[in-house]
Ligand SMILES: [Zn+2]
């Protein structure tokens with residue numbers, strides 16, 4: 001009997017211990033990050049009633065009242081700056097469409113939109129998922145519809161282990177389920193995943209930022225974040241994955257009376273244009289440069305305070321936009337709440353897409369203005385094992401996130417163009433953080449990852465044999481203790497209650513139902 005008892009205890013313990021251990025084993029041994037983008041999510045959307053989950057997650061981790069994005073405050077430039085840590089003039093994604101040229105002659109320019117070429121102005125710039133994937137040694141990246149995420153990068157044309165192309169028919173739940181399966185993949189578990197949601201941008205453009213439609217989308221995103229939280233918990237990842245949630249830009253309403261028709265001042269056959277309101281890239285035809293510029297200057301003097309005209313040399317340096325071959329000779333930028341004639345096409349497209357009755361009083365959402373405009377500021381919050389709890393951060397630049405994530409993931413940065421990461425949000429020791437300052441501006445320095453939580457240390461750094469060794473010792477101890485206790489009980493029972501065992505054995509067949517229903521005390525009696 002004692003042998004059976006010991007065997008039962010041992011097998012139970014083995015199953016429990018190694019069952020739990022296998023759960024841990026199914027995930028990556030590296031620090032794990034989930035980066036979530038909610039397109040055009042304004043910080044002002046966060047509200048106790050609308051977004052209870054976000055309110056809860058923010059207070060359990062860190063958040064900033066807003067962060068600073070890059071100019072233009074549009075989707076592709078900002079997603080790529082978040083992913084690469086550099087400004088548009090470095091990565092070259094100046095807008096949704098740009099003119100590009102294989103030589104220095106302006107007449108050979110080609111208009112390109114969302115494509116491999118748009119994202120490969122500078123082949124030395126690697127997105128964080130590529131950097132992580134290239135570091136190897138069991139690191140795996142996943143990219144769920146992140147803009148630019150479906151293209152290979154680097155000289156080896158590296159792609160992430162897991163990726164899903166832009167497909168708006170994929171439900172939010174399916175996206176999250178796929179992300180969880182990437183984190184828990186048996187052979188190649190991801191340690192970095194980028195997850196993209198296209199709302200509330202889509203409905204914001206069509207109905208304006210104050211609309212019921214946008215409120216519904218904001219609530220839907222809040223439910224999705226709750227689903228992410230629950231799924232992380234279900235998979236045992238809630239204390240292993242640190243989640244960064246952010247947006248690329250804000251949005252503001254556009255009154256249709258605020259659309260400026262530049263065609264009244266400039267012959268539209270004398271130039272070509274890339275980009276969309278409120279930022280237009282103007283490329284005058286050869287010999288028409290002065291005509292175009294003087295026409296735009298006249299429009300500007302007639303519409304003071306509504307927009308600005310810049311030659312390439314005049315573009316504000318703080319935008320980090322001018323030093324690129326794709327930068328246009330003339331840039332026209334509307335002030336907040338204004339747009340140009342191209343926006344009429346946008347209105348038609350939104351009306352068609354959402355079956356909206358055309359009405360001059362309809363409001364439409366717009367973004368892209370200067371990154372100093374308050375309504376363009378993005379949201380930011382993070383929670384999980386590597387960030388502090390209950391901390392409000394000072395606003396920082398979204399380009400500071402890439403080097404921060406590289407630091408957490410212990411990835412090597414080879415360029416001198418990165419901002420200093422915002423370390424203040426990390427649960428890191430001061431000494432670890434101090435290593436970054438000189439290292440970031442020097443090539444080929446492997447940055448150290450801070451871990452001060454027990455869980456983080458266990459998961460990130462402990463070699464596999466330590467789990468088995470600890471388990472072996474624990475099992476041995478359990479067997480010894482169980483055996484000693486069982487022997488002690490047996491010797492006691494022999495001395496004090498000899499009749500009990502024969503009595504039960506005698507009656508066990510005919511009185512099974514009684515044995516089940518009777519209490520332990522009654523049996524002893
Ligand atoms: Zn966007």
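Each value in this text was obtained by applying a stated rule to the coordinates, not by laboratory testing. Fair warning: this is a prediction, and the values are worked out from it, not measured in the lab. In this analysis, Cβ positions are derived from the backbone assuming ideal geometry, glycine residues included, and neighbour counts consider all displayed protein chains.
Contact order for segment 255-366, expressed relative to its length and based on alpha carbon pairs under 8 Å spaced 6+ residues apart, stands at 36 percent.
When each of the peptides 330-336, 176-182 is scored by how many other beta carbons lie within 10 Å of its residues on average, the order from highest to lowest is 330-336, 176-182.
Remark: the residue 48-residue 313 segment gains 90.8 nm on full extension, using 0.36 nm per residue and subtracting the alpha carbon distance.
The length gained on full extension between residue 169 and residue 255, counted as 0.36 nm times the residue separation minus their Cα-Cα distance, comes to 27.9 nm.
Sorted on the mean count of surrounding Cβ atoms within 10 Å across their residues, most packed first, peptides 338-350, 70-82 read 70-82, 338-350.
Cα centroid distance between segment 339-370 and segment 195-271, in Å? Between the Cα centres of segment 339-370 and segment 195-271 lies a distance of 16 Å. Taking only C-alpha pairs under 8 Å that are 6+ residues apart, what is the relative contact order of segment 306-393 in percent? Relative contact order for segment 306-393 comes out at 23 percent.
Protection proxy ranking for 357-366, 125-134, using the average of other Cβ atoms within 10 Å per residue and placing the highest first: 125-134, 357-366. Take every pair of alpha-carbon atoms less than 8 Å apart whose residues are at least six positions apart; their mean separation over the length of segment 107-225 yields a relative contact order of 23 percent. For residue 374 and residue 155, the FRET efficiency from 1/(1 + (r/R0)^6), where r spans their Cβ atoms and R0 equals 30 Å, is about 0.15. Quotient of the Cα radius of gyration of segment 255-366 and 2.2 N^0.38 Å, N being its number of residues: 1.12.
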